[in-house]
Amino acid sequence: MASSTSSPSLDPRVLKEPLPMPGPQGNWRRYFTFNTDAKVIGIQYIAVALLFLLVGGLLAMIMRGELITPPADLVDPTVYNGLYTMHGTVMLFLFLFPVLNGFNNLLIPPMIGAPDMAFPRLNALAFWLFPVFGVILMASFLVPGGPSGSGWWAYPPLSTQNPLGHAINGQLLWILSVALSGVSSIMGAVNFCTTILRMRAPGMGLFKMPIFCWTALAAQLIQLMGLPVLTAGAAMLLFDLSFGTSFFKPEGGGDPMLYQHFFWFYSHPAVYVMALPIFGIFSELFPVYARKPLFGYKVVAIASFAITVLSLIVWVHHMFYSGTPQWMRNVFMVTTMLIAVPTGIKVFAWIATLWRGSIRLSTPMLFCLAGVFNFIFAGITGVMLATVPVDIHVGNTYFVVGHFHYIIFNMITFGVFAAIYHWFPKFTGRMYYESLGKLHFILTFIGSTLNFLPMHWAGLMGMPRRVASYDPEFATANVLASLGAFLLGVATIPFLLNLVSSLVRGPKAPPNPWNAIGLEWLLPSPPPAENFEDDVPTVISGPYGYGLGRPLVEDQERFERRALEA
Amino acid sequence: MTSLSQPAVTPPSTSALPDPNGPELDPGASHGHGHGAHADHTMTGFVIFLASESLIFLALFVGYAVYKSSAPLWLPAGVEGLEVREPLINTVVLVSSSLVIWLAERALHRQRLGEFRAWWLLTMAMGTYFVVGQAIEWQHLSFGLASGVFGASFYLLTGFHGLHVVTGLALMAFLLVRSLRPGLVLPEGKGVLAVSLFWHFVDVIWVVLFVLTYVWQRR
């Protein structure tokens, strides 16, 4: 609600009140201040999120160290409960959501020709909540009783217990952290939606917008619709835990199932909040590295919204074995399977894009190809899990763990890596080292396959999830999985080495190192603080015009020259 | 839905020209020009936020309806139901304040600042009456937060709504103080619009809440 008496000669699309100054480019201090520049905020998001990727990965490796032998010998089973709770929460709320918000910040304004986000201050505030709820969650390791052990889903009755009786306990900190993360995400969602809907370059109708912006919009709509429901459920859980109410306590007339409904109404769509931008990244990168237009652009764009709509009516498939009536199971089985239609459309569009393209197997392309490959596999196991009889058989086994890690790591995180490599030169002004990138890819692909593929096998054999000890018959699969997890830990070394050394001494990046088509590639690398400022190009053709020989914007050569001279 | 298919951004070449009226003097004419274009984003963002916010209430209402129709224990022992008369007066006051805030908005649009402040203050008074009435009601209730699902959901719903009323009052007070600042005539137009929208939202939520909790007593 900030308003001002700004002079009319200023750019109308941003608030040009004295915002906190970005500081000179290259000055590291600006990344530690309340900076309102979307590009600074984007890098802040990504850097802090990668830090938490290491934390979450470390927790995962402790778990896999525990599971390398059947008995619970490395850590106590209670500690193990805390480990998987924190691993899941960290990876979702402190790594994936923030890293994708980082991409939104970096990519959306330049892609649509906007100078910044619609509400720069709100944007900075949303970012600075992130370290706050990160610290709150980490602090739960220090409170008496340790962190929450009720899983990242926090089902009652486990999550309404407070056996030690401390007012500040791990579960309370978990709820506060998740709630603050929700507040931050809503601020972000309002900002991203407004920016995409209202601040596009002249000539850029919705159907001339890059697919990444479509998928970001679709994903942020899910945030706006789902997060309030989770917030309501979390508030009720907090009251049950700390103020003696009995919303979810059967002994007081409450209903623990209602929490599951509240939780999954958001938390299943939350998977699409993470997956949709990755679909966008695949759709951006395949045309660049295959030198062909994206196949079926309009259908791919609309399929994103089909996913948004369907995502809101599938949540009960997480509760097939929670006393759900049969008619409800049937309905949600069908809706869940319907998701395969829009996602299948996208997969076929990507394959058709690659068909007979001149494929360049650089690091981002390798991550994309492997990501789609893994996604197809995860999609097949997803359809299996949507089937009620199969789900009742393998629900709560390692089959489910394998399935969602194939989605969340082998597809989504692969897409995150692809995006980091692809846009690294654009936003840092430095080229990354291709050989280190390829090493990172090979280690990650082998490690993740070794880690998550045997889980399917163990799960089909009947190994339950969330246990610190298991029957020796599952030992082979678990040893393989643990080796894969440690390999994934090793794979972060070339990745981080590449990021740091490229930042420090990588070759200077030209404005458009990949010969890509898109407004962001008409800017210098790194782009100036306000992107195109007042001289925004007029878009005259749709995106991905590879091989069509038509310019994307009016006066394209002038913009290219300007970017080179900068 | 034209705004969805066409970006509302005006080409910089035209918008860079000074608005002959000046945005401060003529808030109505500043749409799509100069500062007005930015303010439109504020409203877009605010409407998106309110739509999202309304879903928290929707979730709580659905939860309430599920409990009410399925919970084995509903009213705590010794509680007959809720007294309707005082809350009904409260409801009438709150709902009428929506009309009053609209009058304030209209006065501002006609550049009658004194009249605007009067209607604005009256809205605040009516909102305050509602909150105080709610507090008095809470004090006289024979059940508490821990009195089963009924007590918990009653206090959660009315409390969460009350929080919104208090937020609205605080925003109004903030804008009222700003309107007293000398030399600043009408730039708060958009803020007034946003707060007024928020106030209507709070009223509509209350009507649903009132029907759910006070009118629908038997089950």
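Condition first: crowded, with 22+ Cβ neighbours inside 10 Å, in a helix (DSSP H, G or I) and at pLDDT 95 or above. Can you find one or more residues in region A:319-331 that meet it? The answer is no, given that none of the residues of region A:319-331 is crowded, with 22+ Cβ neighbours inside 10 Å, in a helix (DSSP H, G or I) and at pLDDT 95 or above. Report whether or not residue A:282 is modelled with pLDDT of 95 or more and open to solvent by 20 Å² or more (accessible area, probe 1.4 Å). When the stated conditions are applied, residue A:282 does not pass them. From the list B:122, B:99, the lone residue that is away from every other protein chain (no Cβ under 14 Å), modelled with pLDDT of 95 or more, open to solvent by 20 Å² or more (accessible area, probe 1.4 Å) and in contact with a helix residue (DSSP H, G or I) (Cβ under 6 Å, 6 or more places away or on another chain) is B:122.
Every condition in (1) surrounded by fewer than 22 Cβ atoms within 10 Å (Cβ to Cβ); (2) in a helix (DSSP H, G or I); (3) touching a helix residue (DSSP H, G or I) at 6+ places or on another chain (Cβ under 8 Å) holds for residue A:73 except the one numbered (2). Residues that are in a helix (DSSP H, G or I), surrounded by fewer than 18 Cβ atoms within 10 Å (Cβ to Cβ) and of a type in the set (Gly, Ala, Ser) within region A:468-506 comprise A:475, A:489, A:501, listed in sequence order.
Residues that are part of a helix (DSSP H, G or I), among the aliphatic types (A, V, I, L, M) and open to solvent by 20 Å² or more (accessible area, probe 1.4 Å) were ranked within region B:21-55; the one that is modelled with the lowest pLDDT is B:29. With respect to the conditions (1) in contact (Cβ under 8 Å) with a residue 60 or more places away in the chain; (2) open to solvent by 10 Å² or more (accessible area, probe 1.4 Å), residue A:335 falls short on a single one, namely (1). Here B:144, B:162 are screened, and the one residue that is under 20 Å from residue B:64 (Cα atoms) and surrounded by fewer than 18 Cβ atoms within 10 Å (Cβ to Cβ) is B:144.
Could you please find all residues in region A:154-194 being open to solvent by less than 30 Å² (accessible area, probe 1.4 Å), of a type outside the set (Gly, Ala, Ser) and assigned to a loop (DSSP other than H, G, I, E, B)?
Within region A:154-194, A:156, A:169 qualify.
For region A:195-222, taking the residues that are in a helix (DSSP H, G or I) and over 20 Å from the mean Cα position of the chain (by Cα), the one that is farthest from the other protein chains (Cβ to nearest Cβ) is identified as A:208. Among residues of region A:46-72 that are free of Cβ contacts under 8 Å to residues at least 60 places away in the same chain, those with a Cβ under 7 angstrom from a residue that is in a loop (DSSP other than H, G, I, E, B) and open to solvent by less than 40 Å² (accessible area, probe 1.4 Å), sequence gap 6+ or separate chain, pair up as A:62/A:75. Taken over region A:78-125, the criterion of being buried (at least 24 other Cβ atoms within 10 Å of the Cβ) and small (Gly, Ala, Ser) is satisfied by A:102, A:113, A:114, A:118.
Of all residues in region A:191-205, those that are closer than 22 Å to residue A:37 by Cβ have Cβ atoms under 9 Å from Cβ atoms of residues that are among the aromatic types (Phe, Trp, Tyr), 6 or more apart or on another chain, in A:191/A:119; A:194/A:119; A:195/A:119; A:196/A:214; A:201/A:532. Of all the residues in region A:223-238, those that are within 11 Å of chain B (Cβ to nearest Cβ) and either aliphatic (A, V, I, L, M) or not in a helix (DSSP H, G or I) (or both) number 10.
Among the residues of region A:34-59, those that are part of a loop (DSSP other than H, G, I, E, B) and surrounded by 15 or more Cβ atoms within 10 Å (Cβ to Cβ) comprise A:35, A:36, A:37.
Within region B:47-68, being touching a residue at least 12 places away in the same chain (Cβ under 8 Å) and either within 7 Å of chain A (Cβ to nearest Cβ) or not polar (S, T, N, Q) (or both) holds for B:47, B:50, B:53, B:56, B:57, B:60, B:61, B:63, B:64, B:65, B:67, B:68. Residue B:109 fulfils the conditions (1) in contact with a Pro (Cβ under 9 Å, 6 or more places away or on another chain); (2) open to solvent by less than 70 Å² (accessible area, probe 1.4 Å) except for a single criterion, (2).
A Cβ distance below 9 Å, combined with a sequence gap of six or more or placement on separate chains, defines the contacts here; from region A:84-109, residues that are under 10 Å from residue A:52 (Cα atoms) and hydroxyl-bearing (Ser, Thr, Tyr) reach no residue that is outside any helix (DSSP H, G or I) and open to solvent by less than 10 Å² (accessible area, probe 1.4 Å). Every condition in (1) modelled with pLDDT of 95 or more; (2) more than 12 Å from chain A (Cβ to nearest Cβ) holds for residue B:85 except the one numbered (1). Can you tell me which residue within region A:239-267, out of those that are among the small types (Gly, Ala, Ser) and more than 19 Å from residue B:72 (Cα to Cα), is nearest to the other protein chains (Cβ to nearest Cβ)? Here the answer is A:242.
So which residues in region A:515-557 are assigned to a helix (DSSP H, G or I) and either touching a Gly at 6+ places or on another chain (Cβ under 6 Å) or on the phi > 0 side of the Ramachandran plot (or both), if there are any at all?
A:519
Here the condition is being within 13 Å of another protein chain (Cβ to nearest Cβ) and more than 23 Å from residue B:211 (Cα to Cα); of B:152, B:170, it holds for B:170 alone. Kindly establish whether residue B:164 is out of contact with any Lys or Arg (no Cβ under 8 Å at 6 or more places or on another chain) and within 14 Å of another protein chain (Cβ to nearest Cβ). Judged against the criteria, residue B:164 is a match.
The values are calculated or read from the model by the stated rules, or taken from the named source; none is laboratory data. Note that the coordinates shown come from a computational prediction; the quantities given were computed from them, not determined experimentally. Don't worry about glycine lacking a Cβ; one is built from the backbone with ideal geometry, like all the others, and counts go over all protein chains shown. Accessible surface is based on the protein model in full, side chains and every heavy atom, while ligands, DNA and RNA are left aside. Shrake-Rupley method; radii C 1.70, N 1.55, O 1.52, S 1.80 Å.
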